[in-house]
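Below is one structure, written out as structure tokens; comments come after it.
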Amino acid sequence: MKIAVLGGGNGSFAAAGDFALSGHEVRLWRRDADQVAAHRAAGSRILVKDHSGRHDVKLALITADIAEAVNGVELILCPAPAFAQPHIAGLLAPHLRDGQVVFLPPATFGSMIFAQAARDAVNHAKASFAETGTLPWLTRKHGPFEVAITIRAKRLPVGVFPLDQAAHALEVIGRAFPGVIEPCGDALSGALMNAGPIIHPPLIVMNAGPIEHFERWDIHKEGTQAAIRRVTDALDAERIAVREALGYGAPHFPLAHHYAKEGEIWMYGRGSHDRLTDSGDWRERIVLTEHRYMREDLRLGLSLLVSVAGLAGEATPLAKAFLAIGGAVCGEDFARDGRTLETLGLGDLRKAELQTLLRNGF
């Protein structure tokens, strides 16, 4: 099918390359016209490296014109960081058409941002917006037009806005990810599946010393010690308690399953953590105050969790603590300036009113 991929980072290149490898017609949008020109000059190709070898694929289109990228496609996939979503949503909003599905893996409730942008653009197209709990690929770019895929997701719980369009949205997304998609309800349920705000804040904060001391540091290897894992499990318990208080049922995809040798299979499947660390791709220089784990997962992800917990009547002491510490590290007020129901324009809604909006849309 025809798929548009938005962005030029690790996830976008993995998506574009992998979809092309699977036989889909792929259009890649990047906002930087110079990078688009360079990629076209290189033949509009991406080299995909995975466990089975090296695969050279050609994309149907690479463009800096978002209208051109999404014209006539069924699926629009945007794996850009959550802090880039408002800008991209504004660019995309006027061009959405009936039946198109915007998939954000993951999103931190970014589906609402994209839906609001379409509403604000007075675009009445019957599009749907979906998000899931993780990026479908553990991946890193190895060059300007080369990407390594260490893991492909085995299970992706997907929430849809509005929920009454879920059947169509899940069918479209399922054709891009056959046998992987699992419905988990509305878009807020999908947002509360996001693993990033659970795994990454303890890693980035509790490893702050070695991150600033060493030139390169693998927070998923040396940085993932038993003490940090215990904190991660406790933070994840807060997330699951919020889900349950809002009426979302199991499976909740507890992060502990990501590390487990037995039991329920997590999103990336068995042994994914070991394969991630064995790849060496996550041994990197980390600028503590600028890294995505701090700016996206902690600042935006945990502020959303704390805000939604307030609506649900659940305590989140660890999430609040990490917001306070992360904000202190960066000299900002993450709790005030992050992503909350209030900053999304939903702060005046009671739980039942929010659930109605999530089901029926604007």
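Name all residues of region 214-237 having a backbone nitrogen under 16 Å from the label point set 7 Å from the Cα of ALA315 along its Cα→Cβ direction, giving them as ranges. Only 234-237 fall inside the zone, counting backbone N under 16 Å. Normalised by the number of residues in region 284-347, the average gap of Cα pairs under 8 Å and 6 or more apart makes the relative contact order 37 percent. If both residues of a DSSP beta bridge must be in region 1-114, then about 30% of such bridges are antiparallel.
Restricting region 273-362 to trypsin sites (Lys or Arg not before Pro) that sit in a DSSP loop and have at most 12 other Cβ atoms within 10 Å of their own Cβ leaves ARG285, ARG350. Bridging of LYS320 to lysines at a Cα separation below 27 Å is possible for LYS221, LYS351, once same-chain residues fewer than 8 apart are set aside.
Compared with the direct C-alpha span, the chain from LYS58 to ARG230 gains 57.5 nm at full extension, assuming 0.36 nm per residue.
Among beta bridges identified by DSSP and lying wholly in the chain, the antiparallel ones come to about 40 percent.
Using the 1.4 Å probe convention, the accessible area of region 76-184 works out to 33 Å² per residue with neighbouring protein chains retained.
Could you work out [θ]222 nm for the chain from helices alone, using -39500 (n - 2.57) per DSSP H run of at least four and dividing by all its residues? Round to the nearest 500 deg cm²/dmol.
Counting only the DSSP helices, I get -11500 deg cm²/dmol.
The local environment of PHE19, defined by Cβ-Cβ distances under 15 Å, has a net charge of +1 under the rule Lys, Arg +1 and Asp, Glu -1.
Accessible surface comparison of TRP217, TRP29, probe 1.4 Å, protein chains only, largest first: the order is TRP217, TRP29. Within the shell defined by Cβ-Cβ distances under 14 Å, the residues around TYR259 carry a net charge of +1, with Lys and Arg each +1 and Asp and Glu each -1.
Label zone of VAL287 (point 7 Å out along Cα→Cβ, amide N under 19 Å): in region 173-209 this covers 204-205, 208-209.
Among 82-93, 181-192, 102-113, 225-236, what's the highest-first ranking by average C-beta atoms within 10 angstrom per residue? Numbers along the way, then the final one.
Values: 82-93: 19.4, 181-192: 24.3, 102-113: 27.2, 225-236: 15.1.
Highest to lowest by the protection proxy: 102-113, 181-192, 82-93, 225-236.
One entry in (1) 16.7; (2) 27.6; (3) 22.1 is mean projected area of the Cα convex hull in nm² calculated from the shown coordinates; its label is (1).
Can you give the relative contact order of the chain as a percent, counting alpha carbon pairs under 8 Å and 6+ residues apart? Mind showing how you got there, number by number?
Details: 712 pairs, mean separation 50.9, N = 362.
RCO, the chain: 14 percent.
For region 51-91, the Kirkwood hydrodynamic radius from C-alpha pairs, put into Stokes-Einstein at 25 °C and a viscosity of 0.890 mPa s, yields a diffusion coefficient of 191 µm² per second.
When the solvent-accessible area of the chain is split by element, carbon and sulfur atoms take up 52 percent of it, the probe being 1.4 Å. Summing Cβ point charges (Lys, Arg +1; Asp, Glu -1) relative to the Cα centre of the chain gives a dipole of roughly 540 debye.
Taking Lys and Arg as +1 and Asp and Glu as -1, the other residues whose beta-carbon sits under 15 Å from that of ILE211 total -1.
The values are calculated or read from the model by the stated rules, or taken from the named source; none is laboratory data. In this text, all values refer to a predicted model and were calculated from it rather than measured experimentally. Reconstructed Cβ throughout: ideal geometry from the backbone, glycine too, with neighbour counts over all protein chains shown. Ligands, DNA and RNA are excluded from the accessible area calculation, which covers all protein heavy atoms including side chains. Shrake-Rupley method; radii C 1.70, N 1.55, O 1.52, S 1.80 Å.
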